[in-house]
Each structure stands twice: as C-alpha cells, then as structure tokens.
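Q: Have a look at this one before I ask anything.
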Amino acid sequence: MFDKIPQSLFENRFIVFLESTVAIVIVWTIAYRTLPLIRESFVSPTEVAIATRELFVSMIWVEHFVASLSHVFYGFGIAVVAGTVLGILVGWWDFWEKAFQDYLTVGIAIPSLFVAIFSAMWFGLGSTTPAAAAAIVATPYLATNVYGGINNIDNDLLTMARAFDVSRFRVIKRVIVQSVLPDWFAGLRYALALSWKIASLAEYIAAEQGIGYMIRFEMRVLDLAGVLSWVVFFTALLLFIEYGILGQIEKRVFAWRQRDSIGWV
Amino acid sequence: MSIQNHLSRLNVELLNGSLKSLLNDTLARAIGLGVGFVLWTVLAAQFPRELLPTPAETVGLAWGLVTDGTAWIHISTTFQSLFWAFIFAMLLGGTLGVLMGLNSYGQNFFTPAVNIGLSIPGLAWAAVAFLVFSYESIALGTLRYAPVVAATLTVFPYVAINIWKGVENIDHDLLRMADAFSISRRRVLWRIVLPNIAPQIFSAVRFGLAIGWKVTIIAELFAGSAGVGFKLEHAYQIYQYEEAWAWAAVFLGIIVII
Amino acid sequence: MSSRELQSTSRESGKNNNAGSIHIEQLSKEFDTAEGYELVFDNINVDIEPGSFVCLLGKSGSGKSTMLNIVSGILEPTSGRVRFETADGTGDVTLGHVFQSPRLMPWDSNLKNIEFVNENNPNYTTEVGKKQLDLVGLTEHYHKYPGQLSGGQRQRVGIARALSIDPEVLLMDEPFSNLDEITAEELREQLLDLWSEMNKTVFFVTHDMTEAIQLADRLLMLGDGEIYGDLEVPIERPRRIDSDAFLKFRQKAIDTFNSIDED
C-alpha cells in the first residue's frame, strides 16, 4: 500500500518544510482546543495570525524595530571588537590565557538576567542599558570562539611557512587569519543571535523603546496574542539575518569547505 | 658548548621544568584575579554604595543570605525548576535528535522547528508561559509550571542538535559488523550505540544545564514569588541594589563550586 | 605529459640549473626533556656534492627527520652548522622543502598555494606556477582546492610548490610514506624524471630501503647518533627493482644497515 504514496512527499525538501509547518500549526491548534488547564488563557494560531497582521499594518513596529536594531548594533559592535581582541590575547599568549580564564568562565556561565539587571542599575532607563547588556554577555562567547580558533591553528602549516622563509606579515595574513576565520565567523553568528536576545531582555526590564519593551507592554495588558505577534516579528527578523544575510556570506567566504554547514553552533 | 647552553642547563637543573611553568601559570591567574579585585574596590569607592558595593560588603551580605536560610529557599526553588526542565528538555530534545539523525526525512521535517526554537529567546517563552499559566493561577497553582515550560522550550533545540549530530555520526561499520555477527539488539544498543553517542550526550547535558539555569532565572521574573531570578528583580525594583549584588554573589559562588 | 616533452619549455622559462652542495659540519643535537638530556646525534660531518641524489636512511626514532629539519633551517642545532654553496660559487642557495604530509592551505587553490611561497622570487608569475603544476601532471587542477584532491595529488602539489622557487637544493622528508604503494611508485618515477632533467641536489630522508636504492646515488645510514654507513649506489639508471644488480646491492645495503645492531 505504501508505494502508492508519492516519493516527493518524503524527499522534496520544500514539501517537507511545508509539512513541518503544517504539523506545528496542527499541534498548536489541538493543544489550544483540548488542554483543559490552559484553555482559557491560550490563543489559537488564527488569533496570532490576525494580531500579527494588524501589527504589521499599523506600522507601530517600525519605531520599536529601529530602536532594537540600534541597541543590538551598538552592543554587538562593541562585543565584536572586545571579543576579538580578548580572544587574540587569550589565544596567543599564555600569560593572558591564564590571567583571563576565570573571567571567561564566569562570563559564559553568568545568567543573562543578572547582566540585564545590573546594566539597568548602572545605566537606568533608556538605550544604553540594552546595548551594554548585549555587549557584556556576547563578548566572552566571541572571545572563547576566537581562542579556540587560535588554539587549533595547524602548526605544520606554520613550520612549512617558516621553512620557506615566508615573511611574518604574509604568514599572519594568509595562514593565521585564514585559519581562525571560520571559528570567528561562527562566534560572530552566535554572538549576534545572543545580542538580540539579551537586548530584548534588557529592553523588557528597563527601556522605553524596542521589542522587549513592547513585549512587556503587551504582557501588562495580558494580551497573549499581542505578545506572540511581537515574538513572531522578532523571530522572523532574526532568522532572516541569520540565514539570509550571514548564511550567504558564510557560503561565499568558505566555499572551500566541502561539508554542508548549517552553522548550528 | 656555548655559555648560553651551560646556563640553560643549570636553569633546568635548578628547577624542574614542569614545576616552573606551573608557578608561572598560577601567578598569571592570580594577577588576573587580583587586578580585577582591585579594580572593583577602586570603582566601588567612586560610585554610590548602592550601585556598586565593595567586595567586602557584597560578601558580607551574601554570607548573611546564606546563613539566614533565604538563600537556600530560593536557590532550591530555582534548581527544582531547572531539574524538571532539564529532564523534559532531554526527553523532548533527545527524541527529536534521534529522529533527525536516523534519516533525512526526519532531519528535514524537524529542522524548521528546531531553527525556530533556537531563535526564540528565553524571554519570549517565559512571557508566553506566564500568560498561559497565570489564569486562575492562584486557584490551580499552575504558575509555578511556567519557568519549567519556558526553560524546556528554550533548551530542547540545543539538546536536539547535539543528539542529532551524535546519531548521525554513529559508525555504520560497527553496526554492520554487529549485524554480521548476529548480535542481539539490546547488546548493540548498550555497547555500540550508547558509547558512540556518549560525547554528544555529555555535550547536550552541558548545554542543557548552562542554558537551562539562565532561562529558568529569566522566567522567574514573572513567576511571582520564589527563585533567584525573582529575588534579583525584586531587589532591583525596590532599589535595594546591594542585595541584588549579594544574590549574584551567592549564585556565582554556587556556579564556581559546581 | 612526461617531463621530457616539457624539457624545452623549462629551459625557455630560464630555469636555473645551478645545483647546490650541502656541507654538514660537526653537527650535533640534543633535546631537553623532562627526563634529562637526550642526545640525538653528535659530530656529524657530511659533504653532499652538487647535483647528487642522496638518501638518508634510518629506523624510526633514529633522528633522521630531526637532521633534515636542522638542514632545512626549521630547527637549531646544539652545535655545529650546515653550509650551502652553489656549484659556481655565486649567490645564496635557495632550499625547497617537501614534507611527509602535503601541508597545503585548504583555503587556497593549488596555484595560490604555490604563489604563497614565492614572495621573494622576482621571476615568479602565474604562468610559472601553472607550468609547475603541468610538470607534476596536474594541468586540469590549477584552481582546485586541496580538499578536492587525492592524497597523491596533494603531495604532487607540494612537490610543484617546492620546485617553483627554483631551489638549488631539494629537501624531502619521507614524502611518499603516507601514500599507497602504487601512487608512491608513480611519484618516485616522476621525481626521478624531474631530477634528471633539472640537475638539482636532492637530500631525501626515508626508512624504506628499496625506495632509497631506487632513487639515490648515495646512501647514508643514521643510527646510534652517528652516520655509520655511506654507500655509493653503483646501479645504472633506469633501475629495475628485480634486476640482478639491484638485488645484489640491496643485500649488501641491508647487511650494512643491520650491522648497527651487532655493536
């Protein structure tokens, strides 16, 4: 009987993607209809779709999107510079590795809420808080990635270059930097996603604009559909940046890699 | 031999190589921590007490929290939520991961869900979970489920990915060998499959815990009455900043110990 | 395309047919380890004539790679030195290196890998690089990446790279020992072709007796910290592994090689 089912249902990636999306919506609807505990407060996919559309049309989202974008821009920007510098220091010189290792360990382990709240304490309401929080949380992650990349440089290549008397500058540019680039890039993607999330969290706690702020707003009025519509926006944008933009760059720059990299971590 | 060589010989004989480098390492680490400590104290002197208490004050307050038992109450609440969320995330993520690793249909089918799961911040899940469970929360007592649900949903994608990679990379030669020798399924599972994916399971556990406790704490922002996250935000709301610092110190202390 | 057909082309590109001589003088090397000082070899004196093909033979751990690394300039000796001279006494000697693993940068194409080491070479152009790849039989692979090549092909790129800088001396560290026998055999023949036409000095380290006899004019045997064997290989080229002369010499070489165990 099973051979009557067309193969493409299983093999065509796009169709499977559709099946997946449909499945999610179905599960959601079923949960909405049947789970007694939450029936009163839950929302159906349709309600969320309507709310999202309303939100989109009303153009309210523009102001907050721009605000969030700027928070992330500054926070992520600082994290990139600080993280890369820190990563190089820690990766290349033993002294800095030992001196900073505890800070990195703590930096990665510290719950982001702590950072968000402390930023709120120091910088109060406004735009600095989310930017600072994002910068503080993302930096150790990027530094760790760069550190790992530098540790994994193939020593054989370095001795080869030395044997051929290649100038130091050339070795740095064409061996060291190239070798670390994939890890740096992976770190960059992760740090960006992280910056988005932390900035939103900090916005929730102490900002007057931004996606996080709007989520808080909707929460205050107990509007679940409203909250979800903002989440949908947020997620869509993040996915677009991740796979649309960064993913494309990654594919071009790393064409030499044969493996299929979706860039999970 | 040159003088240099003689001297270096002497050096090595004086201090066994490995001991010397160990001292160097510890010194560097001590310098790193020491400078941080000094910086903290100096900055604390500049800023008002509430914004940045001195290390001594923080430790003192933290100690107070520990000794009078408040620390224990809230930390255990947080850890309980974390524990359950961890279990569920491992189950859900593990199942997904296995399904994804077994064949490409599973992979293509579940990838969108995992991708979306990765992008949605813990905050969002926490907010949603709160709103969902808050209705009649006092009557039904369901609000305390919120952090667990939020954390589970945030963490399961990471678990899924790790398990997926593990299952995908199982050495098929070993499986074929076992088949050729007609080894029982149970034995294959226990002695080939599990050891093969053990590293990924460990990785999933580490990720699960690391991200889990962060999200649990975030979720406690909303969850009303208990947990480290709640206390932290509470302290912030009532402008008792030094208490927030104390809580942070307690929690960090625990992390360091674990 | 055999290298004989390319012979005229290489002459046209103005290749330097100057070979260099190698002079190892009172070379010794010891390592500081946790257990103390380990003497690898002491007071090694060898002169290698320009244009000759010399194999350094030794068991694993005999220090042959260490010696080559010192000759290559990668490692510093504890005492003594290595000197090079060009055949006509002019100019510096350029060294070409081929390693046991290809050591190619996976993010650069084959051509770019060759270009990488030609920083100081005023004669280098992309055409030169392409010709090198032609010489080792990789004409269709100029812009391919190492990841797309087989092990043998990668090693050939390594050889092309070493030759591209026009070295007077070629230093090779067990370049074929990581390859399967068939590929290794092909590359040995190719190497002999290139060598016979280019007149370079080759210093080749190996642990494989048959390979050494196939390739070299002279065999040096390293063991117990000294060169205890130094044999001229009298067999005429082209050599066949199964010829009487080969088998006879091989026996003699093996006896000399194993004589170290009798001390």
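Q: For the range A:116-144, give me the residue count where each residue is open to solvent by 20 Å² or more (accessible area, probe 1.4 Å), under 20 Å from B:PHE230 (Cα atoms) and in contact (Cβ under 8 Å) with a residue 60 or more places away in the chain.
A: Looking only at that region, the number is 2.
Q: Based on what the data block shows, is C:LYS59 among the basic types (Lys, Arg), under 19 Å from the mean Cα position of the chain (by Cα) and at pLDDT below 90? Talk me through it step by step, then tell me what you get.
A: Details: among the basic types (Lys, Arg): yes; under 19 Å from the mean Cα position of the chain (by Cα): yes; at pLDDT below 90: yes.
Spelling it out, C:LYS59 is indeed among the basic types (Lys, Arg), under 19 Å from the mean Cα position of the chain (by Cα) and at pLDDT below 90.
Q: Now for a separate question. Kindly indicate whether A:GLU242 is over 30 Å from B:SER134 (Cα atoms), out of contact with any strand residue (DSSP E or B) (no Cβ under 9 Å at 6 or more places or on another chain), modelled with pLDDT under 85 and among the charged types (D, E, K, R).
A: Values: over 30 Å from B:SER134 (Cα atoms): yes; out of contact with any strand residue (DSSP E or B) (no Cβ under 9 Å at 6 or more places or on another chain): yes; modelled with pLDDT under 85: yes; among the charged types (D, E, K, R): yes.
Judged against the criteria, A:GLU242 is a match.
Q: Something else about it: For the range C:108-152, how many residues meet the condition of being in contact with a Pro (Cβ under 9 Å, 6 or more places away or on another chain) and crowded, with 19+ Cβ neighbours inside 10 Å?
A: 5
Q: Turning to a different aspect of this structure: In the set A:PHE233, A:PHE169, which member is more than 8 Å from every other protein chain (Cβ to nearest Cβ) and in contact with a helix residue (DSSP H, G or I) (Cβ under 8 Å, 6 or more places away or on another chain)?
A: Numbers: A:PHE169 fails: in contact with a helix residue (DSSP H, G or I) (Cβ under 8 Å, 6 or more places away or on another chain).
Residue meeting the stated conditions: A:PHE233.
Q: If C:LEU247 meets every condition in (1) open to solvent by less than 40 Å² (accessible area, probe 1.4 Å); (2) over 14 Å from the mean Cα position of the chain (by Cα); (3) farther than 30 Å from C:THR126 by Cα apart from one, which number is that one?
A: C:LEU247 satisfies every listed condition except (1).
Q: Another question, then. Looking at the range A:91-115, I want the residues that are crowded, with 17+ Cβ neighbours inside 10 Å and have a partner that is part of a loop (DSSP other than H, G, I, E, B) with Cβ atoms under 8 Å, at least 6 apart or on another chain. Which pairs are those?
A: Short answer, once both residue conditions are applied: A:LEU113/B:LEU221.
Q: To continue, here is another question. Does C:SER79 count as touching a helix residue (DSSP H, G or I) at 6+ places or on another chain (Cβ under 9 Å), touching a residue at least 24 places away in the same chain (Cβ under 8 Å) and surrounded by fewer than 17 Cβ atoms within 10 Å (Cβ to Cβ)? Walk me through it before giving the result.
A: Numbers: touching a helix residue (DSSP H, G or I) at 6+ places or on another chain (Cβ under 9 Å): yes; touching a residue at least 24 places away in the same chain (Cβ under 8 Å): yes; surrounded by fewer than 17 Cβ atoms within 10 Å (Cβ to Cβ): yes.
Yes.
Q: Additional query: Restricting to the range C:86-107, count the residues that are more than 10 Å from chain A (Cβ to nearest Cβ), open to solvent by 50 Å² or more (accessible area, probe 1.4 Å) and not hydroxyl-bearing (Ser, Thr, Tyr).
A: Going through the range C:86-107 one residue at a time, the tally reaches 5.
Q: Looking at the range B:23-61, which of its residues are of a type in the set (Asp, Glu) and within 11 Å of chain A (Cβ to nearest Cβ)? It would help to see each step written out before you state the result.
A: First, pick out the residues of the range B:23-61 that are of a type in the set (Asp, Glu): B:25, B:50, B:57.
Once the filter is applied, which keeps residues that are of a type in the set (Asp, Glu) and within 11 Å of chain A (Cβ to nearest Cβ), the range B:23-61 yields B:ASP25, B:GLU50.
Q: How many of the residues making up the range C:31-65 are part of a loop (DSSP other than H, G, I, E, B) and open to solvent by less than 50 Å² (accessible area, probe 1.4 Å)?
A: Summing the residues that are part of a loop (DSSP other than H, G, I, E, B) and open to solvent by less than 50 Å² (accessible area, probe 1.4 Å) in the range C:31-65 gives 5.
Q: Give me the residue from the range B:54-89 that is touching a Gly at 6+ places or on another chain (Cβ under 6 Å) and not aromatic (Phe, Trp, Tyr) and, out of that set, most open to solvent (accessible area, probe 1.4 Å).
A: From the range B:54-89, those touching a Gly at 6+ places or on another chain (Cβ under 6 Å) are B:74, B:77-78, B:82, B:85-86, B:89; that's our starting set.
Keeping just the survivors that are not aromatic (Phe, Trp, Tyr) gives B:74, B:77-78, B:82, B:85, B:89.
On the way: B:HIS74: 19, B:THR77: 43, B:THR78: 3, B:LEU82: 10, B:ALA85: 4, B:ALA89: 1 Å².
Only one residue tops the list, namely B:THR77.
Q: Within the range C:176-203, which residues are buried (at least 24 other Cβ atoms within 10 Å of the Cβ) and in contact with a Phe, Trp or Tyr (Cβ under 7 Å, 6 or more places away or on another chain)?
A: If the condition is that a residue be buried (at least 24 other Cβ atoms within 10 Å of the Cβ) and in contact with a Phe, Trp or Tyr (Cβ under 7 Å, 6 or more places away or on another chain), then C:VAL202 is the only one that fits.
Q: Continuing with the same structure: What are the pairs, 6+ residues apart or on separate chains, where a residue within the range C:133-149 that is part of a helix (DSSP H, G or I) has its Cβ under 8 Å from a residue that is among the small types (Gly, Ala, Ser) and crowded, with 19+ Cβ neighbours inside 10 Å?
A: Filtered contacts from the range C:133-149: C:LEU133/C:ALA160; C:LEU135/C:SER3; C:LEU135/C:SER10; C:LEU135/C:ALA160.
Listed here are the residues, each with its yes/no results for (1) closer than 23 Å to A:GLY77 by Cα; (2) surrounded by 18 or more Cβ atoms within 10 Å (Cβ to Cβ); (3) among the aliphatic types (A, V, I, L, M).
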{"position": "A:ARG170", "(1), (2), (3)": "no, no, no"}
{"position": "A:LEU194", "(1), (2), (3)": "yes, yes, yes"}
{"position": "A:GLY212", "(1), (2), (3)": "yes, yes, no"}
{"position": "A:VAL221", "(1), (2), (3)": "no, no, yes"}
{"position": "A:GLY244", "(1), (2), (3)": "yes, no, no"}
{"position": "A:GLY247", "(1), (2), (3)": "yes, no, no"}
{"position": "A:PHE254", "(1), (2), (3)": "yes, no, no"}
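Q: For the range B:85-119, which residues satisfy the criterion of being within 24 Å of B:PHE202 (Cβ to Cβ), at the interface with another protein chain (Cβ under 9 Å from one of its Cβ atoms) and of a type in the set (Ser, Thr, Tyr)?
A: Within the range B:85-119, B:THR111 is the sole residue that qualifies.
Q: Only residues that are at pLDDT below 80 and away from chain B (no Cβ under 13 Å): list them for the range A:1-44, please.
A: Residues satisfying the conditions are A:MET1, A:PHE2, A:ASP3, A:LYS4, A:PRO6, A:ARG33, A:THR34.
Q: Scan the helices (runs of 4 or more DSSP H) fully inside the range B:92-199 and keep the ones with 2 or more residues being aromatic (Phe, Trp, Tyr).
A: Working: elements: B:104-119, B:122-134, B:137-140, B:145-168, B:172-180, B:185-188.
Filter on the range B:92-199 gives B:104-119, B:122-134, B:145-168.
Q: Of all residues in the range A:85-117, which are part of a loop (DSSP other than H, G, I, E, B) and more than 9 Å from every other protein chain (Cβ to nearest Cβ)? Before the answer, list the steps.
A: Restricting attention to the range A:85-117, the residues satisfying the condition of being part of a loop (DSSP other than H, G, I, E, B) are A:93, A:110-111.
Listed by number, the list holds a single entry, A:TRP93.
The values are calculated or read from the model by the stated rules, or taken from the named source; none is laboratory data. No experiment lies behind these values; they were computed from the predicted model shown. Cβ atoms come from the backbone with ideal geometry, glycine included; neighbour counts cover every protein chain shown. Side chains are part of the model used for accessible areas, which takes the heavy atoms of the whole protein and leaves out ligands, DNA and RNA. Shrake-Rupley method; radii C 1.70, N 1.55, O 1.52, S 1.80 Å.
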